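So the structure is just underneath, and the comments pick up after that.
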Amino acid sequence: MSLIRSALALSVLSAFAAAQGTDTCTTPTPITGNGPFAFNNAAATNTTGAGTTCAGLGRDLFWVWTAPAAGAFDVSTCGGAAFDTVIAVYAGATCPSATGAALSCVDDSCGLQSTATFTATAGTQYLIRVGSYNGGTGGSGNFTIAANTGGGGGTGRGTGGFPVPVEPGPESSVVAAGGGGGGLGGSAAGGKD
């Protein structure tokens, strides 16, 4: 009986550890569904030479997710972390090239947390990268993946999509338009405001 309990406990712990993401983009943790997906990036390292077009992303962890349908999807840490997060999404299941552009790279779309919106093709794999802004301390958190029904997304300040003027304010005066019926998303290749 204790052998069965030990095996069951090990199985549960292994499943939990697998959901944490890996510290290297060469072996991202496979995930399915919408989450939430727990992580702790406090001990993660800063990945260099992989997708450097996503500025400010450090202490990063990696997952690979297969889109269940075509359309716009949001990857979000909003309400799921107590530190400044950055999210990037790349096409494919492994490390982007050193100059590889993210489909979406977003910092600070809901307070200090982020929602990255991207357009997916059914059955295609996407590399999800979650980290701390400028390699900050990080910690425990979770992210979710959901179909974007047109209600918003990240305020991707930078190079994704096409420029859409917005009212002047404390944020950038131009954001990148994303998919999903008018949601805002795209690539935040720029730095902090």
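Numbers for the structure displayed
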{"read-out": "Residue within region 80-95 that is in a loop (DSSP other than H, G, I, E, B), modelled with pLDDT of 90 or more and surrounded by 24 or more Cβ atoms within 10 Å (Cβ to Cβ) present", "value": "no"}
{"read-out": "Residues being crowded, with 23+ Cβ neighbours inside 10 Å and not β-branched (Val, Ile, Thr) - total across region 104-140", "value": "15"}
{"read-out": "Residue in region 144-159 that is basic (Lys, Arg), closer than 24 Å to ASN40 by Cβ and either out of contact with any Phe, Trp or Tyr (no Cβ under 6 Å at 6 or more places or on another chain) or touching a residue at least 24 places away in the same chain (Cβ under 8 Å) (or both) present", "value": "no"}
{"read-out": "Test: ALA98 is under 14 Å from the mean Cα position of the chain (by Cα), more than 20 Å from ALA38 (Cα to Cα) and surrounded by fewer than 24 Cβ atoms within 10 Å (Cβ to Cβ)", "value": "no"}
{"read-out": "Residue match in region 105-126 (condition: outside any loop (DSSP other than H, G, I, E, B), modelled with pLDDT under 95 and among the acidic types (Asp, Glu))", "value": "yes"}
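The values are calculated or read from the model by the stated rules, or taken from the named source; none is laboratory data. Not measured: the values here are computed from a predicted model. Here Cβ is always computed from backbone atoms with ideal geometry, including for glycine, and neighbour counts include all displayed protein chains.
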